[in-house]
Structures are given as structure tokens and as C-alpha cells.
Amino acid sequence: MSDPRVLVVGGGITGLTVAHELAEAGRHVVTLREAAPRLGGKIATSAFAGLAAVDEGADAFLARTPAAVQLAERLGLGDRLTSPTDATAAVWHRGLHPIPDGLLLGVPGSVVPMARSGLLSVRGKLRAAIEPLLPRTPLGADAIGPLVRARFGDEVHERLVDALVGSIYAADTDRFSLGSVPQLDTLARQHRSLLLGARRTRRAAAATPTGPIFAAPLDGMGALVAALARSIDAHGVDVRTSSPVTTIEADGSSWRVDDEIYDQVVLASPGRVTAPLLTAAAPDAASILADSQHAGVILVTLSVPARAWPERLHGRSGYLVPKPVQRYVTAASFGSQKWAHWRPADGSQVLRVSLGRDGLDVGHLDDDTVIRTVVDEVNDHLAIDVQPSATRISRWPDAFPQYRPHHAERVRVLERALPGGVHVAGASHHGIGIPACVASAQKSAERLMQADAPAR
């Protein structure tokens, strides 16, 4: 009996990992098709300001969620992983304010750091301080914003939780699923008081330290993509770039994809891209996928001359901008202070500035406007007058899936609507971020191999 043929649609981190897992197991003939001319999806790394590798998208992954670290180690990148420096972040709200100590994804775990912070008003501090006295808040809405506002008031939500979580997911957390952020969901379900729960959770974590929170390859996140590409090539995967899929149709117990026959298909492409592919084969699933919502961002990389960078900003890793005071810039990362290997020989500073989010479209801005906007806003935020010596614009339309309330139930309905032999994986469904995409890919590959096992 010949090995089953599998098509993986999508050459981002999810699709590459699916292909890697299947190819390494050696039980399938695997083809991977990617519509773009390159692999990697939303991961890209290129030279900038004299540095060989500066990321254009994600610059790290969670190390305490092991899927990505373990994959990197399997690919031979273990000794090339590094972690951020001890530089600390701030929140800009009419000035830079250090992020208070004791937070859990923005949720306060202590009253004292809040009381000492200049980020919150006296009224905001008093409102937050009564949180431990409040009765349990119902979780039926499955949205982060309503929960945090009910527990701590608007200021803690807008200036801490939404500023942080919204920056991670390019989200409006007033309409982002609580269940899709496991740390916050667990906190809310296990504890009446979020403040007391955050305190206990942080103490428990401190008692059992597990190493750095974040990790990244020294050669950029693109090194992970390159290592996956080398691995699947070595294992004989048929990789086709600039090869969009147009139709998927049932052909007996198999699947005809653009006139090629496959036993199973893994759709590791964004939800809205996947939807039209399933219109004929699985119309109910296609309808669910068509409703997927995404947010686009622009990431601008700047080189700031050493003489223009004030001493008072040393030791900072960057800052977040809460929505009520946002224009276009949502966050800025001081890359050369966050990463020791991003320090040019001339002492200049590499900054990465994010624009756009759910509800704040930036796709219409031309390049000149983007650069002018970034320079003006960063200069205003930092009270400096800098003209960058080098710039780079990286546009990421629809890069961030937006998990609306009850997202998990939507995914369950979607997966029940899929016909046998068709699978979905990736950020549109099972979690945003590289570790979540890797884990989704590995689970999808495992399910596929289990489905084929009886036939072998």
C-alpha cells in the first residue's frame, strides 16, 4: 500500500510545522503550497542599520509555553536561543510611567505598586483598591474588558490590561474573548478576586522559577523558518511557493485540489483566505470561516543616532500607548535595549514602532505618511527631536485574528462542520503567537496520523 498523500495549505509557521511533523514521522507523502513567493507567513527577518538580522514582525516567543522552544531545539537552534535584557517597559499617558510591579498580564496583584504609580489618578487608584471586596463577577460575556472594568474600573483596564493585552493581540479587549487568553481566563475562573488571585499566582510562579519568559534565535525569527524549510526539504516534502490553492472538492473518499488527488488536507491558512476554498466541499464551515475578523498592523523600524538618544531613556525596553490617548502608534520597542545582539557598532538605537489594531485601520496610509506619523508621535511621546538615519516599513494586513467572545465554541462548531480528511490549524483558530501555532500544528498532524493509522 502506498503512503497516504497529504496537502498542507499555507507556508507560515503553522503549515511548516505540520509538514515537518508529518515528514519526520515518515508515513505520508507531503506537499506544501504557499500562495506567497516566500515561506514564513507573518515571520520575516532582514538586515537593518548594519545588523544582519532584525525582525520585521514577531521578535520572540514565549519560552514558558514549551512548544516553540522544543521545536527550535529539535531543529538544532537550541544553542542559538537568547532572551531579552533586564530593561523595563513603560506606559505612555501624557508622559512615560514605569509599569507597576506585581502585574499578571496587566491585572494588579498588589495595591501598593498601584498606589505609588503616577499612571493612575487618585480616583482610579481608589476604585481599583476595592476590587478584593467585590462579589464574584459572572463570566458569561466571555470578554476581557467588561470583566476588568467591573473588577477594577476603567483606568486599570485602559491603562494596564488593555494596553498590554491589546498590544500583544492588536485587539480591542472590550470585545476579545476572555477564554482565548488562558492566564486571564484561569485567573477569573479560579478566584473571586482577581487581585488576590494574581498575587497568589505570581507567588507560586516565583517559588518555582522556570527560566526566562521569552526566547528568540540570535539570527532572528526567520532562522526558525529557515530551519523548518531545510528540514522538510531534507525529508522530501514537495514545497511550492507562489502556488495559491483555488478549489477543494470531494473525490470519493479523497480530495481533489486543483486537479490533484490527496487523502487528507490541512488548511493552515488564515480563516478568511480558507473560506472560499471550502464553499463546495463544506459550505457550513466556509460560512463560519468567512466571518473571521482580522486586524492589520504596520511595523516601522528606525535607526536613531547615538547622540540623539537621551540618557534618561537607557534601561527602558519600550512603551505602550493606551487607546484613549492613541493616535496611530500603539507601542514602541527600544530594540537595542531589549536585545543585547541588536546593538549597532556605532552606538545607534534600533526602535520598532507599531501602528494599527482592531478598530484602528492603518492600511490606507502611504509610506511617507507612515514615517512622518511615527517620527512625530515618538518625538512627542519621548519629548525628543529625532530624525532617524534609517527607516524600514513592514506592512502586515490582516495579521492578527480577532477572537470575539465565545471564540472557542465557534471553533468547535467549525471543526464539527469539516468533512473527514480536512483539517484546520493555526492562529485563526487555536491561539495567537508562535508557540500556539506550533502546538496547533502538532495536534493537527497527530490527529491526521491517528486517522490514517487503521488503514495501515
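Coordinate-derived values only; no laboratory data. Being a predicted model, the structure only gives us computed values, none of them experimental. A quick note on method: Cβ atoms are made from the backbone with ideal geometry, for glycine too, and the neighbour counts reach across all protein chains shown.
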Next item on the list: Would you list which lysines come within 28 Å of LYS338, measuring only between C-alpha atoms, while excluding same-chain residues fewer than 8 positions from it?
Entry: LYS42, LYS323
Checklist line | Magnitude of the charge dipole, segment 51-152, Cβ model with Lys/Arg +1 and Asp/Glu -1, debye to 20 | finding: 720
Item checked: Sites GLU415 and ALA345, calculated FRET efficiency, Cβ-Cβ separation with R0 51 Å, nearest 0.05 -> 0.50
Next item on the list: Would you list which aspartates and glutamates come within 19 Å of LYS125, measuring only between C-alpha atoms, while excluding same-chain residues fewer than 8 positions from it?
Entry: ASP101, ASP154, GLU155, GLU158, ASP162
Item checked: Positive-end extreme of charge dipole, the chain - chosen from GLY252, LEU448, LEU120 (charges on Cβ) -> LEU120
Check: Mean separation of Cα pairs under 8 Å and 6+ residues apart, divided by the residue count of the chain: what relative contact order is that in percent?
Finding: 24
Checklist line | Charge dipole (debye, nearest 20) of segment 223-363; +1 at Cβ of Lys and Arg, -1 at Cβ of Asp and Glu | finding: 1380
Checklist line | 0 to 90° range, to nearest 10: angle between helix 222-234 axis and the chain longest Cα axis | finding: 10
Checklist line | Candidate aspartates and glutamates for bridging to LYS443, where Cα separation is under 13 Å - those fewer than 8 sequence places away on the same chain excluded | finding: GLU21
Next item on the list: Multiply the residue separation of ASN379 and GLN293 by 0.36 nm, subtract the distance between their alpha-carbon atoms, and state the gained length in nm to one decimal.
Entry: 27.7 nm
Next item on the list: Note down the magnitude of the dipole of the chain about its Cα centre, charges +1 on Lys and Arg C-beta and -1 on Asp and Glu C-beta and zero elsewhere, to the nearest 20 debye.
Entry: 1820
Check: If amide H atoms are built 1.01 Å from N in the plane of the peptide, which residues on other chains or at least 5 residues away come under 5 Å of the amide H of GLY318?
Finding: ALA90, PHE334
Notebook entry, point to check: For segment 88-207, what mean projected area does the convex hull of the alpha carbons give, in nm²?
Noted result: 7.1
Note to self: Under the √(5λ) rule applied to the eigenvalues of the Cα gyration tensor, what semi-axes describe the equivalent ellipsoid of segment 294-401? Give them in Å, descending.
What the structure shows: 23, 14, 13
Next item on the list: Starting from the Cα of SER254, step 7 Å along the direction of its Cβ; do the same at SER389; then give the gap between the two resulting points in nm.
Entry: 6.0
Check: In segment 1-136, what % of DSSP beta bridges are antiparallel (nearest 5)?
Finding: 55
Checklist line | ARG80 paired with VAL122, simple spin-label distance in nm, labels 7 Å along Cα-to-beta-carbon | finding: 5.7
Next item on the list: Arrange the peptides 251-261, 195-205, 8-18 so that the one whose residues have, on average, the most other Cβ atoms within 10 Å appears first.
Entry: 8-18, 195-205, 251-261
Notebook entry, point to check: Using the per-residue mean of other Cβ atoms lying within 10 Å as a proxy for protection, in what order, highest first, do the peptides 139-146, 287-294 fall?
Noted result: 139-146, 287-294
Next item on the list: Could you tally the net charge around THR85, taking each other residue with its Cβ under 11 Å from the Cβ of THR85, Lys/Arg +1 and Asp/Glu -1?
Entry: +2
Notebook entry, point to check: Which order do peptides 373-384, 222-233 fall in by mean Cβ count within 10 Å, highest first?
Noted result: 222-233, 373-384
Margin query: Quick check: Cα centre of segment 29-54 to Cα centre of segment 331-355, how many Å?
Written below: 21
Checklist line | Extension gain (nm, one decimal) between LEU133 and SER243, 0.36 nm per residue minus Cα-Cα | finding: 33.8 nm
Next item on the list: Compare the Cα positions of VAL18, GLY426, LEU195 along the charge dipole of the chain (+1 at Cβ of Lys, Arg; -1 at Cβ of Asp, Glu; about the Cα centre) and return the one farthest towards the positive end.
Entry: LEU195
Checklist line | ALA234-PHE214 FRET efficiency (beta carbon distance; Förster radius 22 Å; 0.05 resolution) | finding: 0.15
Checklist line | Residue-averaged [θ]222 nm for the chain, counting only DSSP H segments that reach four residues, each worth -39500 (n - 2.57) | finding: -10000 deg cm²/dmol
Margin query: What does DSSP give for the chain in terms of the percent of beta bridges that are antiparallel, rounded to the nearest 5?
Written below: 70
